[in-house]
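Undergrad: I have a structure I would like to understand better, so I am pasting it below and will then ask my questions one at a time.
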Amino acid sequence: MPQPPFSTVEQAVAALRRGALVGMPTETVYGLAADARNELAVRRIFAAKGRPSNHPVIVHFVDSDTAWRWAKNVPEHARRLAAAFWPGPLTLVLERALEVRDVITGGQNTVGLRVPAHPLAHALLAQFGDGVAAPSANRHGRLSPTSAEDVAEELGAAVDEILDGGPCQVGIESTIIDLSGGEPTLLRPGGVPVEAIEAVLQRPVLRTPPPTARAPGLLRSHYAPKAGVVTVLATQLATEAKRLARGGQRIAVLSHETVPALPGMTHFPMPSPVEQFAQRLYPTLRQVDREGFDVALVATPSAEGIGLAVLDRLARASAPRPDDAPKK
Ligand code: TXA
Ligand code: MG
């Protein structure tokens, strides 16, 4: 498959201006970027990802002043969170300004706004000067890319330019907070711990129900590698590893703790601090796929801080897949 050459910021800005798609590094994951005011360009994002067209996309900005132009009104809570966490891994959902297109919002009356912290994203957004729509630069339902090479591997010729910003430092997507209604609500845990958001707002943030509590049909595998994902508490790791090993599959064990060697099993050591675990998770799962393992057995970190986002992604990765054949 032909691989696009990695670009300069100037080339990437020119590409956005002509309605092309750019692989954009951010501190969380790489985005698939397009001029957010160019409807045709945004439609190209959906085609490249194979993503349903009613999903809203996040719009990225160089600073909060530019971002606020896209909102109908900016509540005090939004200003406080932006002051505390932008640039950084936080997305704020606000009522959209009238001119924000349906292709961005998925037809809703809200828009997701984010000011990323990566220096190359900052340079790109500063030169571009307006909103850049960017979902994660993966095919729909798959793992988000955390390096320029990952973007090329995911999208091949479907992306026109890729800015190489090195490996992502956070490694997991932004926290999404909905401030468009009454109570601040967590739509997706991510790089900013929800506890830190509550500390700034000085009030609790409502949690949306976990994926298992949602209506069937919404419980769809997402953020998923090709290998099946099984999660386990560290205390149950050895037992679960033995049970899986009896099935004769090739198993990758992702854990800080070492596991006794078993046939067909390979240990992928994970760092213990949860921030580093989060940063290594997607690259490690990609490696597991490249090496053709059947199952990734992952010892889960605790739900504190960014751990909540890690548990959320692992729950989605281990959910039933749309293409799962019934097991006999
Ligand atoms: O870290 C990130 O957020 C990365 C980088 C590239 O910025 N982007 C990202 O985008 O993860 P995406 O499209 O893969 O996930 C964005 C999520 C989707 O689940 C989408 O439904 C939600 O944000 N979202 C976007 N706009 C929304 C809105 N107006 N209301 C509710 N949810 C929204
Ligand atoms: Mg995504």
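Undergrad: Do any residues in the range 288-315 that are over 23 Å from Lys242 (Cα atoms) and in contact (Cβ under 8 Å) with a residue 12 or more places away in the chain have Cβ atoms under 8 Å from those of residues that are hydroxyl-bearing (Ser, Thr, Tyr) and crowded, with 21+ Cβ neighbours inside 10 Å, where the two are at least six apart or on different chains, and which pairs are they?
TA: Matching pairs, first to second residue: Ala309/Thr175; Arg313/Tyr223.
Undergrad: Can you run down the residue pairs with Cβ atoms below 9 Å, 6 or more apart or on separate chains, where the first is in the range 21-35 and over 12 Å from Ile172 (Cα atoms) and the partner is part of a loop (DSSP other than H, G, I, E, B) and among the charged types (D, E, K, R)?
TA: Listed pairs, sorted by first residue: Leu21/Asp160; Val22/Asp160; Gly23/Asp160; Gly23/Asp164; Pro25/Asp164; Asp35/Arg18; Asp35/Asp130.
Undergrad: Looking only at the range 255-274, count how many residues are surrounded by fewer than 18 Cβ atoms within 10 Å (Cβ to Cβ) and in a helix (DSSP H, G or I).
TA: Adding up the residues that qualify gives 0.
Undergrad: For the condition at pLDDT 95 or above and within 16 Å of ligand 2 (Cβ to nearest atom), what is the one hit in Val103, Val93, Val74?
TA: Val93
Undergrad: Might you check whether a residue that is assigned to a strand (DSSP E or B) and under 22 Å from the mean Cα position of the chain (by Cα) occurs anywhere in the range 98-110?
TA: Yes, the range 98-110 has at least one match.
Undergrad: Same structure again: Criterion first (within 25 Å of Arg188 (Cβ to Cβ) and either of a type in the set (A, V, I, L, M, F, W, C) or assigned to a helix (DSSP H, G or I) (or both)) does Ala303 satisfy it?
TA: yes
Undergrad: Can you tell me which of Ala234, Ala317 is in contact with a Leu (Cβ under 8 Å, 6 or more places away or on another chain) and at pLDDT below 95?
TA: Ala317
Undergrad: Which count do you get for residues in the range 289-300 that are within 18 Å of Glu257 (Cα to Cα) and either of a type in the set (Ser, Thr, Tyr) or assigned to a helix (DSSP H, G or I) (or both)?
TA: Counting residues in the range 289-300 that are within 18 Å of Glu257 (Cα to Cα) and either of a type in the set (Ser, Thr, Tyr) or assigned to a helix (DSSP H, G or I) (or both) gives 1.
Undergrad: Moving to a separate point now. Taking Val310 as the residue in question, decide whether it is β-branched (Val, Ile, Thr) and not in a strand (DSSP E or B).
TA: yes
Undergrad: Run Gly156 past the list (1) within 15 Å of ligand 1 (Cβ to nearest atom); (2) modelled with pLDDT under 95 and report the number of the one that doesn't hold.
TA: (1)
Undergrad: When residues of the range 122-146 are filtered for being buried (at least 23 other Cβ atoms within 10 Å of the Cβ), away from ligand 2 (no atom under 16 Å from the Cβ) and of a type in the set (Gly, Ala, Ser), how many remain?
TA: Residues flagged as buried (at least 23 other Cβ atoms within 10 Å of the Cβ), away from ligand 2 (no atom under 16 Å from the Cβ) and of a type in the set (Gly, Ala, Ser) within the range 122-146 amount to 1.
Undergrad: For Leu94, are the conditions met, namely being farther than 28 Å from Val151 by Cα, under 21 Å from the mean Cα position of the chain (by Cα) and either among the aliphatic types (A, V, I, L, M) or surrounded by fewer than 23 Cβ atoms within 10 Å (Cβ to Cβ) (or both)?
TA: Criteria met by Leu94.
Undergrad: Could you figure out which of (1) of a type in the set (Gly, Ala, Ser); (2) in contact with a Phe, Trp or Tyr (Cβ under 7 Å, 6 or more places away or on another chain); (3) within 16 Å of ligand 2 (Cβ to nearest atom) isn't true of Ala67?
TA: (3)
Undergrad: Then there's this: For the range 37-44, does any single residue satisfy the condition of being crowded, with 22+ Cβ neighbours inside 10 Å and either within 15 Å of Ala121 (Cα to Cα) or away from ligand 1 (no atom under 16 Å from the Cβ) (or both)?
TA: no
The values are calculated or read from the model by the stated rules, or taken from the named source; none is laboratory data. The shown structure was predicted, so the numbers you read here are calculated from the model rather than taken from an experiment. Backbone-built Cβ (ideal geometry, glycine too); neighbour counts: all protein chains shown.
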